[in-house]
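Visitor: Structure incoming, see below.
Only the coordinates and a few stated rules stand behind these numbers; no lab work does. Fair warning: this is a prediction, and the values are worked out from it, not measured in the lab. Please note: Cβ atoms are built from the backbone with ideal geometry, for glycine as well, and neighbour counts cover all protein chains shown.
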């Protein structure tokens, strides 16, 4: 909720964003791309200043006692600045989604009815310490013709304000409103709540951060959100699967990176193939230091490991720990996944055509894969070109969200004087 | 919020709906169509019982002092029963949206990535006295593979329970779970609030009713809604428009029906053409008993009419009243519409190509029409085949909502053993 302190601030930001949003909705593709490229050029030019601003943030954070992982996320290098600039150029190279008319049909009335893609309006983005989010989020909002209100983490505040200045300059250079992207200038924590309830000024909220931020927003937010809670992802190895393929996928899905949301957290194995894959996999996981926790039948095949409880099926470890369960058949696997999965990403390894199709249809998750590692579930691998976030929700946007998730479709009707009888 | 009375009830309904939703998601097109046709056959067979049940409701409502308009909405005739049965048959004839995979592309990784249309899960529908909504809503939920919890108006309760019995029997006859469509069996008003906050059991809420219901739900609901608030619709007559066409459209948009949400409430006229169209239109409106309220320049052209105030620009009359404003140019028209429109439906009458395209792009409403009456903005005219409601929102569903609005898309990935490097 807005407090007496935040209410005037959110009103100033919100009104400016609404005005800018109208101009951005009209902006040509050329103008939007010119702004993105102008920001990229300014970023490269200002690299020394940005690194100095970041050093200031890092020094303060060190004094404040931030842990090593958080300091790592906060840190910005010359290579990091170059990556941000290239990110802007990549978004400039993407097709402009705005104005595209699809599904145009001629109706018996004579009217031609289609749907035109349009911006949402004002996007609110709440994120933590990574400074690159400021640029990535600004780029996607500009390209999709939206205005943005960015609320970055207080640790990165000096650098974020410097980045916001470059963005404003780039927008103005392209003849677009400088207020199209606004960085909240106070680090007051109450601004998070104020943004989350500013339904009159913000059309969609994209929180990017840890579980505590998201859980707080689920309680407080009345602005609709594209939110990503957690990734409890599964691989199910079907009977008759290609053994080498199954082992490679189960290995990759768990060990390629431990801390990502599309990492496998529970492995399900059909009883008929368990004896062929589990001992081999156990050796690989042991080599890589992955702790295994299994149900009774798993423990019979991999002696000495801990037992998996109900709590394990519900846990996103984000760590070298894996829960394993032997299941009777495809139905049991789907039942387990639809009960315990966070509906993020789940995969089957199979050679059976009908079971592959049933898994694709019946598993109720944002991404469902056949014979591929869960690690592929992201916006870049899916070809979205860029990713503003990943949605665990079913409404509006599901799974990796790119430019299209920041747009809506309105009906457009081409008539010739038709009236209704 | 759930009260001590409603909490156990919503839990029973919700758990049964969740179980049924899983089965409905797997149901074949043939099964779903068989259920729809079985319900249609049972409706026709039970027509005398339904009319008797409705008579009981109407008698009670008359004693309770319902006004004539409400009694009219509540009443059911033999023709009305036949219309419901045909509605079921029409929904059975629509293409099944579920399982369709679109946008399938092959990525550099070798993966084929597409999007599969899937049901949302459980749809909650809250409506008032019209008994036909029970059947229309059930039909759309069944066809889209969802489960439904229906909360009809207390006035129509006897008839709604009879309809719910026929729906259950039809579902069971097709081998589908009878609990896929549940009618709330209590008329307690608290159930509305309980449904609106049952986020664990209901995925989307579709309120169909008057302003007071919607405004209550905007305050209370935490379940996402497809909601329709009001239709403050505009026609803008551009300079150089075809005079006869402009007059026909402005007449039709206001007078074809007064009480519908896509009826024009404000007419905007370019200053250069006002003298050519307004006097002729005033004569037509006078003939039909439409009260006009104009700004200063309108009153100069149509002497004797009342003056339009700021409040008129913001009012959905749903009555033979029309506000008129003369504007300087297209920009002023778009500015007026984007300020006062309820973002429902707005139309331009023009012969100018560039201005037609600008109006389509820049008016931020769910339906934007060129040279056609606003009265065309509905699901049937747009070819959706059926309509569960109209959305004034931008997220998920915008404008008339058909089967597709009750679905979501998940990513499906066809692999060949790919792992991520």
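Visitor: Quick one: label points 7 angstrom along Cα→Cβ at residue B:175, distances to the other copies in nm, smallest first?
Guide: Result for residue B:175, in nm, nearest copy first: 6.4.
Visitor: Can you compute the FRET efficiency between residue B:380 and residue A:67 using 1/(1 + (r/R0)^6), with r the Cβ-Cβ distance and R0 = 60 Å? Round to the nearest 0.05.
Guide: Once the sixth-power term is evaluated, E becomes 0.50.
Visitor: Oh, and also: Before anything else, pin down the relative contact order of region B:55-179: Cα pairs under 8 Å, at least 6 apart, normalised by residue count, whole percent.
Guide: Computed value for region B:55-179: 25 percent relative contact order.
Visitor: Assume the label is 7 Å from Cα along Cα to beta carbon: what separations in nm does residue A:352 have to the matching positions in the other copies?
Guide: Copy-to-copy label distances at residue A:352, shortest first: 6.7 nm.
Visitor: Also, quick follow-up: Just the ratio, please: alpha-carbon radius of gyration of region B:1-151 over 2.2 N^0.38 Å, N its number of residues.
Guide: Rg over 2.2 N^0.38 Å, computed on Cα atoms: 1.33.
Visitor: Taking the Cα-to-Cβ direction at residue B:275 and at residue B:218 and moving 7 Å from each Cα, how far apart do the two end points lie in nm?
Guide: 4.2
Visitor: Per residue, what volume in Å³ does the convex hull of the Cα atoms of region A:322-363 enclose?
Guide: It comes to 84 Å³ per residue, whole-number rounded.
Visitor: Viscosity 0.692 mPa s, temperature 37 °C: what is the translational diffusion coefficient of region A:223-355 from Stokes-Einstein with a Kirkwood Rh over Cα pairs, rounded to a whole number of µm²/s?
Guide: Answer, rounded: 223 µm²/s.
Visitor: Now for a separate question. Report the full-extension gain for the segment residue B:421 to residue B:93: residue separation times 0.36 nm, less the Cα-Cα distance, to one decimal in nm.
Guide: 113.3 nm
Visitor: Provide, in order from the shortest bin, the percent of all Cα-Cα pairs of chain B in each 10 Å bin, continuing until the bin that contains the maximum pair distance.
Guide: 5, 20, 25, 22, 17, 9, 2, 0
Visitor: Shifting gears a bit: Test of understanding: what is the full-extension gain from residue A:189 to residue A:291, defined as 0.36 nm times their sequence separation minus their Cα-Cα distance?
Guide: The span from residue A:189 to residue A:291 would gain 32.9 nm if fully extended.
Visitor: For region B:345-421, what percent of Cα pairs sit more than 18 Å apart?
Guide: In whole percent, the long-distance tail amounts to 56.
Visitor: Moving to a separate point now. How far is helix B:211-220 tilted off the main Cα axis of chain B, in degrees rounded to 10, range 0 to 90?
Guide: Between the helix axis and the principal axis of chain B, the angle is about 60 degrees.
Visitor: Now a separate question. Testing the spin-label approximation: label points 7 Å from Cα along Cα→Cβ at residue B:244 and residue B:172. State their distance in nm.
Guide: In this crude label model, residue B:244 to residue B:172 measures out at 6.2 nm.
Visitor: So what is the relative contact order for chain A, in percent, with contacts set as C-alpha pairs under 8 Å and at least six apart?
Guide: 18
Visitor: Suppose we look only past 19 Å in the calculated P(r) of region B:129-197. What percent of the Cα-Cα pairs does that tail hold?
Guide: 30
Visitor: Placing a label point 7 Å from Cα toward Cβ, how far apart in nm is residue A:304 from its equivalents in the other copies, listed shortest first to one decimal?
Guide: Residue A:304 label point versus its equivalents elsewhere: 10.2 nm.
Visitor: Mind pulling the angle between the C-alpha long axis of helix B:6-26 and the longest principal axis of chain B? Nearest 10 degrees, somewhere in 0 to 90.
Guide: The angle comes out near 90 degrees.
Visitor: For chain B, set up a GNM with springs between Cα atoms under 10 Å and report which of B:240, B:402, B:152 has the largest fluctuation.
Guide: So, out of B:240, B:402, B:152, the one fluctuating most is B:240.
Visitor: Moving to a separate point now. With n ≥ 4 as the cut-off for DSSP H runs, can you work out [θ] at 222 nm for chain B, using -39500 (n - 2.57) per run divided by the number of residues, rounded to the nearest 500?
Guide: Result for chain B: -13500 deg cm²/dmol, rounded to the nearest 500.
Visitor: Pairing the Cα long axis of helix A:330-340 with the longest principal axis of chain A, what angle in degrees results, from 0 to 90 and rounded to the nearest 10?
Guide: 50
Visitor: Antiparallel DSSP bridges in region B:273-421: what percent, to the nearest 5?
Guide: Close to 25 percent.
Visitor: If you rotate chain B onto chain A, whose Cβ in B ends up lying nearest the axis, and how many Å away is it?
Guide: B:396, 2
Visitor: Could you give me the radius of gyration and the Dmax of region B:298-381, taking only the C-alpha atoms into account and expressing both in angstrom?
Guide: Gyration radius and largest Cα-Cα distance of region B:298-381: 13.8, 40 Å.
Visitor: Another question, if that's okay. May I ask you to compute the full-extension gain from residue A:49 to residue A:260, defined as 0.36 nm times their residue separation minus their alpha-carbon distance, rounded to one decimal in nm?
Guide: 72.8 nm
Visitor: Please report the spacing between the Cα centers of region B:245-295 and region B:55-123 in Å, no decimals.
Guide: That distance is 34 Å.
Visitor: Computed on alpha carbon atoms, what radius of gyration and Dmax characterise region B:70-158, expressed in Å?
Guide: When restricted to Cα atoms, region B:70-158 yields Rg and Dmax of 18.5, 63 Å.
Visitor: Something else: Please report, in cubic angstrom per residue, the volume enclosed by the convex hull of the alpha-carbon atoms of the protein assembly as shown.
Guide: Expressed per residue, the convex hull around the Cα atoms of the protein assembly as shown is 173 Å³.
Visitor: Provide Rg and Dmax in Å for region A:193-299, with only Cα atoms included in the calculation.
Guide: 19.6, 59
Visitor: Which residue, B:138, B:178, B:319, tops the fluctuation ranking in a GNM of chain B built on C-alpha contacts under 10 Å?
Guide: B:319
Visitor: Let me ask another. Evaluate the distance, in nm, between pseudo-label points positioned 7 Å from the Cα of residue A:335 and of residue A:311 along their respective Cα→Cβ axes.
Guide: 2.5
Visitor: So, one more: For a Förster distance of 22 Å, can you work out the FRET efficiency between the beta-carbons of residue B:284 and residue B:352, rounded to the nearest 0.05?
Guide: 0.35
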